[in-house]
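Report on the structure given below.
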Amino acid sequence: MTSATLDSPVSLEIAVTSPAGAVVARDGGADRVELCVGLELGGLTPSQGLVEAAVATGIPVHALVRCRPGGFVYDADEVELMDRELEAIVRSGVAGVVVGALGADGSLDHDVLRRFVGTARALRNDVEVTLHRAIDHAADPVAAVALLADLGFTRVLTSGAAPTALTGAATIARMVSAAGPVQVMAGAGVIPADVPALVATGAAAVHLSAKRPAADSAHAGVPMGGADDGSAHFVTDSDAVRAARAALSASA
């Protein structure tokens with residue numbers, strides 16, 4: 001196991017969409033948060049104000065940079081937009097950024113990824129850079145993860161190319177073996193009960209949203225868009241964060 005050792009215990013990352021969620025994650029024992037909006041769409045770039053407010057909570061913030069839902073093959077305008085978003089986010093004091101891009105053939109888009117890493121590190125060389133779950137849409141995720149160290153990445157978030165990290169655990173273990181110095185973080189559909197099996201893969205971190213429906217946030221009115229079914233929005237659940245932290249501590 002190359003990513004998680006007794007000297008470097010498995011860390012806990014919580015995906016949040018608000019400063020309040022960042023506080024819940026901080027107080028529940030999370031090591032850092034991934035900040036985004038539109039979790040139901042797989043996550044999108046948060047606003048500048050949201051980034052600044054989350055950073056002000058004191059927990060290390062890793063902000064997602066993804067300009068739209070859907071696939072991970074981007075045109076030149078989209079790459080330019082995300083590069084500008086990266087600059088603004090890094091200047092806001094985040095501990096890290098989360099990016100990704102693929103070629104049409106399912107390979108990593110090396111040119112775009114090098115640009116993103118270079119933009120972040122040119123502003124602050126201690127910024128951590130995570131490859132998001134675009135890796136799970138790659139033609140060969142295990143081969144792709146072996147290339148990330150040369151591209152300058154700190155870590156990669158993956159479900160092992162499966163619908164959930166638990167079902168992809170065997171592939172995650174193979175990715176850990178292939179990743180070298182790059183940390184492998186297991187995430188997607190994770191609940192606290194999954195933590196021991198994910199720790200057993202050798203992953204350096206476990207990622208979950210720990211979310212629950214917000215009280216009284218549903219509506220029965222006119223839809224606000226094609227995907228709006230009136231359901232409640234989600235908030236970070238303090239009990240789920242604490243349970244995940246406890247499960248990690250018990251697995252150490």
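The values are calculated or read from the model by the stated rules, or taken from the named source; none is laboratory data. If you're wondering where the values come from, they're calculated on a predicted model, not measured in any experiment. Cβ: placed from backbone, ideal geometry, glycine included. Neighbour counts: every protein chain shown.
Counting only residues that are in contact (Cβ under 8 Å) with a residue 12 or more places away in the chain and either in contact with a strand residue (DSSP E or B) (Cβ under 7 Å, 6 or more places away or on another chain) or closer than 21 Å to Gly70 by Cβ (or both), how many does region 111-159 have?
Total meeting the criteria: 32.
One line per residue, one yes/no per condition, for (1) hydrophobic (A, V, I, L, M, F, W, C); (2) modelled with pLDDT of 95 or more; (3) under 14 Å from Val184 (Cα atoms):
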{"residue": "Asp105", "(1), (2), (3)": "no, yes, no"}
{"residue": "Leu108", "(1), (2), (3)": "yes, yes, no"}
{"residue": "Asn125", "(1), (2), (3)": "no, yes, no"}
{"residue": "Val129", "(1), (2), (3)": "yes, yes, yes"}
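Considering region 140-177 alone, what residues qualify as being touching a Gly at 6+ places or on another chain (Cβ under 8 Å), within 18 Å of His110 (Cβ to Cβ) and part of a strand (DSSP E or B)?
none
All but one of (1) surrounded by 22 or more Cβ atoms within 10 Å (Cβ to Cβ); (2) small (Gly, Ala, Ser); (3) closer than 17 Å to Thr130 by Cβ; (4) modelled with pLDDT of 95 or more hold for Ser3; which doesn't?
That leaves (4) as the condition not met.
State which residue is nearest to the chain's Cα centre (by Cα) when the search covers only region 60-70 and only residues that are surrounded by fewer than 22 Cβ atoms within 10 Å (Cβ to Cβ) and on the phi < 0 side of the Ramachandran plot. Give the steps one after another, and end with the answer.
Of region 60-70, the ones surrounded by fewer than 22 Cβ atoms within 10 Å (Cβ to Cβ) are 60, 67-70.
Imposing the further condition that a residue be on the phi < 0 side of the Ramachandran plot reduces the set to 60, 67-69.
On the way: Pro60: 13, Cys67: 15, Arg68: 15, Pro69: 15 Å.
The extreme case among them is Pro60.
So which residues in region 26-66 are in a helix (DSSP H, G or I) and more than 21 Å from Ala120 (Cβ to Cβ), if there are any at all? So that I can check it myself, show each step before the final result.
In the first step, residues of region 26-66 are kept if they are in a helix (DSSP H, G or I); the result is 26-27, 39-41, 48-55.
Answer for region 26-66, where residues must be in a helix (DSSP H, G or I) and more than 21 Å from Ala120 (Cβ to Cβ): Arg26, Asp27, Leu39, Glu40, Leu41.
Can you give me the number of residues within region 155-179 that are β-branched (Val, Ile, Thr), surrounded by fewer than 19 Cβ atoms within 10 Å (Cβ to Cβ) and within 17 Å of the chain's Cα centre (by Cα)? Spell out how you get there, then give the answer.
Narrowing region 155-179 to residues β-branched (Val, Ile, Thr): 156, 158, 164, 167, 171-172, 176.
Subset that is surrounded by fewer than 19 Cβ atoms within 10 Å (Cβ to Cβ): 164, 167.
Right, trim to within 17 Å of the chain's Cα centre (by Cα) and you get 164.
Qualifying residue count for the region: 1.
So the check is Cβ under 8 Å with 6+ separation or different chains; which pairs have a first residue in region 64-92 that's farther than 21 Å from Glu13 by Cβ and a second one that's acidic (Asp, Glu)?
Cys67/Glu78; Cys67/Glu85; Arg68/Glu78; Val73/Asp109; Tyr74/Asp109
Can Ala101 be described as over 21 Å from Thr158 (Cα atoms), out of contact with any Cys (no Cβ under 9 Å at 6 or more places or on another chain), free of Cβ contacts under 8 Å to residues at least 40 places away in the same chain and surrounded by 14 or more Cβ atoms within 10 Å (Cβ to Cβ)?
Considered against the rule, which asks whether it is over 21 Å from Thr158 (Cα atoms), out of contact with any Cys (no Cβ under 9 Å at 6 or more places or on another chain), free of Cβ contacts under 8 Å to residues at least 40 places away in the same chain and surrounded by 14 or more Cβ atoms within 10 Å (Cβ to Cβ), Ala101 comes out as no.
Suppose the filter is modelled with pLDDT of 95 or more, small (Gly, Ala, Ser) and surrounded by fewer than 21 Cβ atoms within 10 Å (Cβ to Cβ); does Gly38 pass it? If you could, list the steps in order and put the result at the bottom.
Values: modelled with pLDDT of 95 or more: no; small (Gly, Ala, Ser): yes; surrounded by fewer than 21 Cβ atoms within 10 Å (Cβ to Cβ): yes.
Taking the combined requirement at face value, the residue does not satisfy it.
Quickly run through region 55-80 and pick out the residues that are closer than 22 Å to Val156 by Cα and among the hydrophobic types (A, V, I, L, M, F, W, C). It would help to see each step written out before you state the result.
Filtering region 55-80 for residues closer than 22 Å to Val156 by Cα gives 55, 59-74, 78-79.
Listed by number, the residues that qualify are Val55, Ile59, Val61, Ala63, Leu64, Val65, Cys67, Phe72, Val73, Val79.
Which one is farthest from Ala139 (Cα to Cα), of the residues in region 42-58 that are of a type in the set (A, V, I, L, M, F, W, C) and buried (at least 23 other Cβ atoms within 10 Å of the Cβ)? Give the steps one after another, and end with the answer.
Our first condition is that a residue be of a type in the set (A, V, I, L, M, F, W, C); within region 42-58, this holds for 44, 50-51, 53-56.
Then drop every residue that is not buried (at least 23 other Cβ atoms within 10 Å of the Cβ), which leaves 51, 54.
Values: Val51: 33, Ala54: 35 Å.
Taking the candidates together, the pick is Ala54.
Does Arg91 satisfy being surrounded by 16 or more Cβ atoms within 10 Å (Cβ to Cβ), charged (D, E, K, R) and either in contact with a helix residue (DSSP H, G or I) (Cβ under 9 Å, 6 or more places away or on another chain) or closer than 30 Å to Val24 by Cβ (or both)?
Numbers: surrounded by 16 or more Cβ atoms within 10 Å (Cβ to Cβ): no; charged (D, E, K, R): yes; either in contact with a helix residue (DSSP H, G or I) (Cβ under 9 Å, 6 or more places away or on another chain) or closer than 30 Å to Val24 by Cβ (or both): yes.
Answer is no for this residue.
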